[in-house]
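**Q** Below are the structure tokens for one structure; questions will follow.
Throughout, read-outs are computed from the coordinates displayed, never taken from laboratory work. None of these values were measured; they are calculated from a predicted model. Here Cβ is always computed from backbone atoms with ideal geometry, including for glycine, and neighbour counts include all displayed protein chains.
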Amino acid sequence: MEMETPTKSVLATGARLVLRSWRVLWWAYAVNLLLGIVAGLPVAAGVSAILNNSFEAQRLVKGFDLGVFLSLLMHPEVTLSTFVPGSIFISLLYFVFMLFLTGGLLADFRQEERLSFGKFLESCGAFFWRFARLLLFHLLALVPAGILYGLLDYGTEKVAENSPRDSVGFWLAQGCIAITALLFFVIRLWFDVAQIRAVAENERKIRRALGKAFRMTFGNFGSLFWIFLRIGIVALAGSAAAAWFFFKVIRPEQVGLSILFGQVIVFFWLVIRLWLRACETAWYQRKFPAPVAFAEAPAPPSPLEVEPPPLPAPPLAAPSDEASS
Amino acid sequence: MMRRLMCAALCAALLMPAGVAAPPVPRPPQATPVAAAPRTTLSERVVAYQMDARLDAQKKTITATETLTYRNLTGKPLDTFPFHLYLNGFQPESTFNRERRMDGSRGKWEEKYRGSIEVKSLEVAGQGNLTSAIEFIQPDDHNPKDKTVFQVRLPKPVPPGASVEFRIAFHSKLPETVARTGYKRDFIFVGQWFPKVGVWWRGAWNCHQFHVNTEFFADFGVYDVKLTVPKNYVVGSTGDEVSSVSNSDGTKTLTLHGEDIHDFSWTADPNFRVFEDSWQGSAGPVKIRVLMQPDHEPQAARYISALKGTMDRFDRWYGPYAYNRITVVDPAHGSEAGGMEYPTLITGETSWLMPRGLLIPEVVVEHEFGHQYWYAMVATNEFEDAWLDEGINSYTEVKIMDALYGAGRSMINQWGITLGDADLQRLSYLLVPDTDPLVRSAWQYMSRNAYGGVTYGKTATVLLTLEGLIGEETLRSAIRTYFMRYRFTHPTEEDFLKTVEEVSGRDLRWFLDQAVYGTQVLDYSVASILSDPVDWYAEDREEKDDKAGTLYRSHVLVGRLGDFVFPVEVEIKFSNGETIREKWDGKERWTRFSYEKKARVISATVDPDRKVPLDRNLFNNSKTREPDARATRKLANAWRVVVQLLAQALAWLA
């Protein structure tokens with residue numbers, strides 16, 4: 001088994017882990033696509049009866065004529081209110097699926113070898129409720145961010161209102177969004193670390209996991225945020241390039257190509273998120289290596305046991321040489 | 001004085017080429033003859049206002065005196081005179097605000113939105129002080145709390161042909177902008193700020209209360225205004241600046257003069273950046289002055305380019321611009337003062353970050369300049385016939401925006417997304433296709449949406465349909481004739497409609513009765529297309545089905561779903577490339593076209609040349625034998641990707 005070398009960059013390690021977990025990646029994408037297809041079905045059914053045998057539809061094929069699209073939305077069978085609730089439900093379904101998947105994914109990222117399918121599912125199940133509880137705390141932690149945004153927005157609006165320049169309002173609003181987004185991501189990093197720690201330590205007490213994760217995150221914030229920042233830049237650059245390609249290269253009538261490209265963008269964002277989680281896990285392993293010696297066996301069977309099981313060490317323990325790194 | 005003489009000479013010069021350019025259509029008897037006015041004037045000058053006003057920039061108030069000289073051209077003695085006090089509409093119990101609440105507005109009342117105008121004294125020359133004779137009236141809704149109109153009865157009637165002089169002292173308080181009037185920070189836009197006499201029209205006084213949907217109506221005349229404002233304020237106004245004198249108290253007094261106009265408004269802001277340009281029209285040079293907000297300076301070029309293009313098209317298509325000046329005011333952000341018209345003064349609309357492909361500055365300038373024709377010069381009654389100014393203006397807006405920026409992309413042309421002005425007008429009509437006819441007083445529409453959708457959108461769409469019926473050139477010629485004939489008068493809807501019929505040489509009542517006076521909805525559809533082999537019963541039928549030489553009996557069923565009867569063309573295409581055009585008068589609910597040919601029908605289209613935008617549903621205007629699912633796939637894909645990304649965004653919380 002080749003051990004992780006500390007000299008390898010966390011980003012590269014994260015990328016390797018994502019590549020190794022390509023099956024999970026594809027599953028996450030496939031479920032996303034499947035749910036997307038389900039969400040698109042009523043849209044297709046609603047508009048096909050109107051568009052498929054009408055020349056007016058050509059104005060949507062050869063470009064995107066907003067006038068035609070809006071007049072289409074005025075048809076009773078194509079109202080957005082018909083599609084939106086179903087699509088939101090589908091998005092929530094995917095969220096639950098990803099919440100379920102996260103436990104297995106993090107357990108997998110922690111191991112030197114890929115988890116077997118069975119062990120992966122066991123890990124998913126083992127951590128699902130813990131992560132659900134973490135989510136509740138996460139939502140609570142986001143409340144102050146929301147309040148801060150409200151206060152900032154109120155304050156900046158007042159300043160903008162009194163300025164003869166509307167650019168002042170624009171930049172203040174951007175600053176407001178940036179600060180709130182930053183706070184959101186910082187909180188998210190904290191909870192990411194809490195999830196990783198819950199898996200690493202098989203932590204069941206969520207508040208303790210959060211407290212420790214808080215100290216870990218903000219005690220080492222620079223290195224963690226540096227990972228996030230670099231991946232964020234890749235994500236933004238990739239999105240900007242994708243937008244440029246979509247608007248400048250793909251012609252409006254190239255429906256097939258635009259469908260394909262849409263999926264590339266979706267897949268790209270999924271990769272970005274998994275890459276970040278993998279990097280965070282690698283970062284955690286390096287910063288907080290598991291203790292060399294473990295419990296006084298016999299260790300209880302754990303759903304997170306790797307395959308093949310790493311000798312007498314408890315299932316979630318990192319190998320000793322890694323720990324020493 | 002010299003300046004006034006020069007203006008009079010210039011007006012005479014403007015009138016000359018305009019007269020030459022007018023099409024030789026006889027003037028109808030009901031039109032007020034311009035010829036009756038003195039030779040050097042463009043309009044029959046009924047009123048002359050002299051005002052001396054001082055702005056308190058801190059309190060946002062105006063203290064002023066007004067001398068109104070009214071010429072009684074009614075042909076009968078007048079002893080009662082109604083006046084508008086529009087600013088009183090901005091009070092909580094006014095009809096303006098009652099109607100606003102009735103229409104669903106639930107904004108909280110704040111004192112800063114209060115506007116008012118108070119007549120301190122009213123004297124009539126030779127008849128004494130009549131302040132105590134002022135009586136508020138509510139001719140439209142009898143709301144006793146509404147104080148937007150008052151009348152005064154004179155002890156001695158004014159004989160026909162004589163003049164009467166009113167001397168009024170008043171005090172106006174501006175609201176933080178409501179209905180594009182008032183202030184925002186240092187920016188002020190002052191419209192409808194003085195007591196304005198009603199219009200004697202169709203044998204009676206026409207002086208409506210201020211409603212949430214209504215605009216204005218006034219007589220032509222001469223305005224001489226002195227404005228005293230803080231020295232650092234840049235002022236824009238109706239008319240010309242005659243002089244500017246600095247005062248010792250840190251203010252300056254501007255003397256302004258306007259002729260053959262029916263309103264006077266002005267704006268002031270210390271932050272304005274001034275851009276000047278000029279344009280050469282068929283009636284002479286026109287000075288362009290653009291007052292920009294500091295952040296919007298780079299967009300002055302967009303305003304000016306759109307303005308010049310618009311002036312050029314109006315000049316060529318509809319007639320000469322009669323004034324020698326136009327001022328474009330770029331209102332302060334958040335002021336909601338954008339998109340308003342006054343004689344020779346309009347407000348634009350933009351923001352600091354305005355993409356090139358979003359043509360909002362262009363269309364607002366186009367539309368508001370268009371009002372120089374359909375409001376300022378052809379001064380229809382905006383209370384009762386709003387469609388004649390807003391609607392005709394929306395139609396000419398479509399024509400000019402399409403000419404300048406391309407049909408189908410004259411509103412939005414950004415990132416592959418397009419929207420044409422004609423479609424935008426049609427969309428607003430589709431929201432309220434059958435609530436109200438065009439001819440309805442503005443305050444009597446079902447709702448504000450209905451007023452907007454019918455007055456702007458439906459009228460433009462009706463005229464675009466009329467264009468398809470009589471031809472673009474014919475309608476353009478009719479509108480030009482209407483303009484040349486009725487400029488500087490107050491025409492009615494029949495003046496317009498009869499002019500169109502006269503110029504087109506066609507009886508259009510069947511159309512106008514439905515489109516203008518009625519609420520019928522126009523909707524045609526291809527109900528079905530069918531091709532059946534003549535020998536359908538033959539045993540080897542299936543083998544022969546698609547072979548050349550098979551004789552088909554084809555039927556195309558076309559239906560009229562709405563109550564609007566309109567003759568349409570139907571284009572039928574066959575699999576051998578043959579195309580047939582049929583005409584249907586649309587009088588029945590449906591018709592069927594049948595053929596026997598060695599080819600199948602592959603498609604049928606009602607209105608193949610897209611001449612009938614009034615058709616409510618254009619999707620059912622055609623039917624193809626073979627489906628083409630590309631548009632469906634495109635939309636479903638877009639929706640799918642949005643849902644997928646939304647799901648992924650949510651999954652960040654997982």
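**Q** Which lysines, if any, have their Cα less than 22 Å from the Cα of B:Lys287, not counting same-chain residues under 8 positions apart?
**A** B:Lys287 reaches B:Lys226, B:Lys308.
**Q** How do A:Met74, B:Met340 line up, fewest other C-beta atoms within 10 Å first? Mind showing how you got there, number by number?
**A** On the way: A:Met74 14, B:Met340 23.
Neighbour counts put them in this order, fewest first: A:Met74, B:Met340.
**Q** Across every pair of different alpha-carbon atoms, what Kirkwood hydrodynamic radius in Å does chain B reach?
**A** Computed over Cα pairs of chain B, the Kirkwood hydrodynamic radius comes out at 27.4 Å.
**Q** Can I ask one more? Straight-line reach only, C-alpha to C-alpha below 19 angstrom: list the aspartates and glutamates that A:Lys248 could link to, leaving out same-chain residues fewer than 8 apart.
**A** A:Asp65
**Q** Then there is this: For helix B:392-405, what angle does its Cα long axis make with the longest principal axis of chain B, in degrees from 0 to 90 and rounded to 10?
**A** 70
**Q** What aspartates and glutamates does B:Lys231 reach when the alpha-carbon gap must be under 19 Å and sequence neighbours fewer than 8 apart in one chain are set aside?
**A** Cross-link targets: B:Asp52, B:Asp56, B:Asp186, B:Asp240, B:Glu241, B:Asp249, B:Asp269.
**Q** Using 0.36 nm per residue of separation minus the Cα-Cα distance, give me the extension gain between B:Tyr595 and B:Arg356 in nm, one decimal.
**A** 80.9 nm
**Q** Related question: With springs only between Cα atoms under 10 Å, which of A:Phe69, A:Phe191, A:Phe261 fluctuates most in a Gaussian network model of chain A?
**A** So, out of A:Phe69, A:Phe191, A:Phe261, the one fluctuating most is A:Phe69.
**Q** In the structure displayed, which of A:Lys62/B:Lys611; A:Lys119/A:Lys212; B:Lys196/B:Lys498 lie more than 24 Å apart, Cα to Cα? Don't skip to the answer; put the middle values down first.
**A** Numbers: A:Lys62/B:Lys611 21 Å; A:Lys119/A:Lys212 27 Å; B:Lys196/B:Lys498 31 Å.
Listed pairs above 24 Å: A:Lys119/A:Lys212; B:Lys196/B:Lys498.
**Q** Helix B:472-486 versus the longest principal axis of chain B: what angle, 0 to 90°, nearest 10, using Cα atoms?
**A** With both axes taken from Cα atoms, the answer is about 20 degrees.
**Q** Once the piece of chain linking A:Phe214 and A:Leu70 is laid out straight, how much longer is it, given 0.36 nm per residue of separation minus the C-alpha distance between them?
**A** So the extension gain works out to 47.0 nm.
**Q** In whole angstrom, and with the biggest value first, how far do the Cα coordinates of the stretch B:605-654 range along each principal axis?
**A** On the principal axes, the stretch B:605-654 reaches 54, 26, 12 Å in Cα extent.
**Q** If you don't mind, there's one more thing I want to ask. Calculate, in nm to one decimal, what A:Glu112 and A:Ala12 gain on full extension: separation in residues at 0.36 nm each, minus their alpha carbon distance.
**A** Net length gain for the segment: 34.5 nm.
**Q** When a footprinting reagent is the concern and you count Cβ atoms within 10 Å, what order do A:Thr102, B:Thr550, B:Thr461, B:Thr481 take, fewest first?
**A** So the ranking, lowest neighbour count to highest, is B:Thr550, B:Thr481, A:Thr102, B:Thr461.
**Q** So what's Rg/Rh here for the stretch B:105-151, counting alpha carbon atoms and using the Kirkwood radius for Rh? Let's see the in-between values first.
**A** Values: Rg = 14.9 Å, Rh = 13.3 Å.
For the stretch B:105-151, the value is 1.12.
**Q** Which of B:Asp585, B:Asp607 has the fewest other C-beta atoms within 10 Å, and how do the rest follow up to the most?
**A** Ranking B:Asp585, B:Asp607 by Cβ neighbours within 10 Å, fewest first, gives B:Asp585, B:Asp607.
**Q** What does the highest-first list of A:134-142, B:77-85 look like by mean Cβ count within 10 Å?
**A** Working: A:134-142: 15.4, B:77-85: 18.9.
Output ranking for A:134-142, B:77-85: B:77-85, A:134-142.
**Q** Grab every C-alpha pair in the stretch A:129-219, bin the distances at 10 angstrom width from 0 up to the longest one, and report whole percents.
**A** Going out from 0 Å in 10 Å bins, the stretch A:129-219 shows 17, 37, 22, 16, 8, 1 percent.
**Q** Just checking the output field for A:88-101: average partner chain Cβ neighbours within 10 Å of each residue's Cβ?
**A** Working: counts 4, 0, 4, 10, 3, 2, 8, 9, 3, 3, 7, 4, 1, 2.
That works out to 4 on average.
**Q** Here's something else I'd like to know. Would you please give the FRET efficiency between B:Lys112 and A:Leu92, computed as 1/(1 + (r/R0)^6) with r the Cβ-Cβ distance and R0 = 60 Å, to the nearest 0.05?
**A** 0.85
**Q** Enter the mean number of other protein chain beta carbons within 10 Å of the beta carbon of each residue in A:41-48, as an integer.
**A** Per residue, the number of nearby Cβ atoms from other chains is 5 on average.
**Q** How high is the FRET efficiency from A:Tyr154 to B:Trp652, r the C-beta distance, R0 25 Å, rounded to 0.05? Intermediate results must be reported in sequence, preceding the final value.
**A** Details: r = 26 Å, r/R0 = 1.05.
Rounded to the nearest 0.05, the efficiency is 0.40.
**Q** Continuing with the same structure: Please compute, for the alpha-carbon atoms of the stretch A:16-146, the extent along each of the three principal axes and give them in descending order in Å.
**A** Between the extreme Cα coordinates on each principal axis of the stretch A:16-146 lie 58, 37, 22 Å.
**Q** How large is the convex hull of the Cα atoms of the stretch B:48-129 per residue, expressed in Å³ as a whole number?
**A** Dividing the Cα hull volume of the stretch B:48-129 by its residues yields 148 Å³.
**Q** For A:160-170, what's the mean count of beta carbons from other chains sitting within 10 Å of each residue's beta carbon?
**A** That average works out to 6.
**Q** So if R0 is 22 Å, what FRET efficiency would A:Ala173 and A:Ile147 give, r being the distance between their Cβ atoms, rounded to the nearest 0.05?
**A** Computed FRET efficiency for A:Ala173 and A:Ile147: 0.80.
**Q** Measure off 7 Å from each Cα along the Cα-to-Cβ vector at A:Ser223 and A:Leu41, then give the distance between these two points in nanometres to one decimal.
**A** Each label point is offset 7 Å from its Cα along the Cβ direction, giving 4.9 nm.
**Q** For the stretch B:524-654, rounded, prolate or oblate, judged on the Cα gyration tensor with a ≥ b ≥ c (square roots of eigenvalues), a/c < 1.5 rounded, else prolate if a/b > b/c?
**A** Oblate shape, in that a/c is at least 1.5 and b/c is the bigger or equal ratio.
**Q** Using Cα pairs under 8 angstrom and six or more residues apart, how large is the relative contact order of chain B, in percent?
**A** 10
**Q** I need two numbers for the protein assembly as shown: Rg to one decimal and Dmax as a whole number, Cα atoms only, in Å.
**A** Cα-based Rg and Dmax for the protein assembly as shown come out at 35.9, 118 Å.
**Q** Output the 0 to 90 degree angle, nearest 10, between the alpha-carbon long axis of helix B:360-370 and the longest principal axis computed from the alpha carbons of chain B.
**A** Value to nearest ten degrees: 70.
**Q** In deg cm²/dmol, rounded to 500, what helix-only [θ] at 222 nm does chain A give when every DSSP H run of at least 4 residues adds -39500 (n - 2.57) and the total is split over its residues?
**A** One gets -26500 deg cm²/dmol as the mean residue ellipticity at 222 nm.
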